[in-house]
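Input: a single structure, listed below in structure tokens.
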Amino acid sequence: MEKPAVTDHDIHPLLANRWSPRAFDSKLVAPEKLAQLFEAARWSASCFNDQPWVFIVATKDDTINYQKMLDCLVPFNVAWAQAAPVLILAIAQKHFKHNGKPNAWGEYDAGQATANLVCQATALGLFAHQMGGFDADKAIATFHIPDTAKPMAAIAIGYAGEVSNLPIDLQEKETTPRVRQPLSSFVFTGDWQQTADFV
Ligand SMILES: Cc1cc2nc3c(=O)[nH]c(=O)nc-3n(C[C@H](O)[C@H](O)[C@H](O)COP(=O)(O)O)c2cc1C
């Protein structure tokens, strides 16, 4: 299903067409396409070019790892994400590689790399749905993530599926219009809450 953003100003179709569906098809994602997703993340900008992101991937044909990843999600997310052929955990490393000092931008950079990945997914005709609803402690224990790294989000990836296959309450959410705050509420100039003229 498509749910393009209804924008006040023209934006790139990739950005307008990205959205977070919960209805996924069971069709697997080809390994080359998976590699393209992470290549897109790889070329993201980062503070000191530290590239502090790590991704743990589980594809549905790898049943043991897929189940391990699925078990880290909260039940609300399991209900729909279990149909997605790919689950990913996005992780931020806490320290700079060049000097071992805390990296205050690690989470920002991991998010930015994930945004690249999600845009690349859209370009490939895939959909991505990010999730904060996962048990970070369980993920740390399950995947032996060191305490120098912080799991940030889980991501379900796959092709669009039938809305009618979702539980009924989720079907409703799937078709609800996408909404955003106006530009005037977050684009300031000169001072906090002083809206820029051009918006
Ligand atoms: C960091 C993050 C955490 C999110 N957590 C969840 C989640 O746990 N479950 C869920 O169904 N959607 C989750 N979402 C999806 C958001 O609800 C969704 O991006 C938002 O409503 C905007 O919709 P859109 O992505 O379709 O534009 C999350 C998104 C992000 C970026």
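Of the residues making up the range 161-199, those that are open to solvent by less than 100 Å² (accessible area, probe 1.4 Å) and among the acidic types (Asp, Glu) number 3. Residues in the range 125-145 include at least one that is without any contact (Cβ under 8 Å) to a residue 12 or more places away in the chain, more than 12 Å from the ligand (Cβ to nearest atom) and β-branched (Val, Ile, Thr).
Please go through the range 1-24 and give me each residue that is in contact with a strand residue (DSSP E or B) (Cβ under 6 Å, 6 or more places away or on another chain) and either among the small types (Gly, Ala, Ser) or outside any strand (DSSP E or B) (or both), ordered by number.
Listed by number, the residues that qualify are Met1, Ser20, Pro21.
In this structure, Asp197 qualifies as assigned to a loop (DSSP other than H, G, I, E, B), charged (D, E, K, R) and at pLDDT 95 or above. Within the range 1-26, residues that are farther than 18 Å from Gln120 by Cα and at pLDDT 95 or above have Cβ atoms under 6 Å from residues that are in a helix (DSSP H, G or I) and away from the ligand (no atom under 12 Å from the Cβ) in these pairs: Ala23/Val163, counting only partners at least 6 apart in sequence or on another chain. Is there a residue in the range 61-74 that is in contact (Cβ under 8 Å) with a residue 60 or more places away in the chain, acidic (Asp, Glu) and part of a loop (DSSP other than H, G, I, E, B)? Yes: the range 61-74 contains one or more residues that are in contact (Cβ under 8 Å) with a residue 60 or more places away in the chain, acidic (Asp, Glu) and part of a loop (DSSP other than H, G, I, E, B). Condition first: within 16 Å of the ligand (Cβ to nearest atom), open to solvent by 40 Å² or more (accessible area, probe 1.4 Å), within 19 Å of the chain's Cα centre (by Cα) and free of Cβ contacts under 8 Å to residues at least 24 places away in the same chain. Can you find one or more residues in the range 34-50 that meet it? Checked the range 34-50: no residue is within 16 Å of the ligand (Cβ to nearest atom), open to solvent by 40 Å² or more (accessible area, probe 1.4 Å), within 19 Å of the chain's Cα centre (by Cα) and free of Cβ contacts under 8 Å to residues at least 24 places away in the same chain.
Scanning the range 123-160 for residues that are open to solvent by 40 Å² or more (accessible area, probe 1.4 Å), under 20 Å from His95 (Cβ atoms) and part of a strand (DSSP E or B) gives Lys150, Met152. Any idea which residue in the range 75-112 is nearest to Ala41 (Cα to Cα), counting only those that are open to solvent by 10 Å² or more (accessible area, probe 1.4 Å) and in a strand (DSSP E or B)? My answer is Gln93. The numbered conditions (1) more than 15 Å from the chain's Cα centre (by Cα); (2) open to solvent by 30 Å² or more (accessible area, probe 1.4 Å); (3) more than 11 Å from the ligand (Cβ to nearest atom) are all true for Ala5 except (3).
Filtering Val57, Val74 for residues that are more than 16 Å from the ligand (Cβ to nearest atom) and modelled with pLDDT of 95 or more leaves a single hit, Val57.
The values are calculated or read from the model by the stated rules, or taken from the named source; none is laboratory data. Because the structure is a prediction, the values reported are computed rather than measured. A quick note on method: Cβ atoms are made from the backbone with ideal geometry, for glycine too, and the neighbour counts reach across all protein chains shown. Accessible surface is based on the protein model in full, side chains and every heavy atom, while ligands, DNA and RNA are left aside. Shrake-Rupley method; radii C 1.70, N 1.55, O 1.52, S 1.80 Å.
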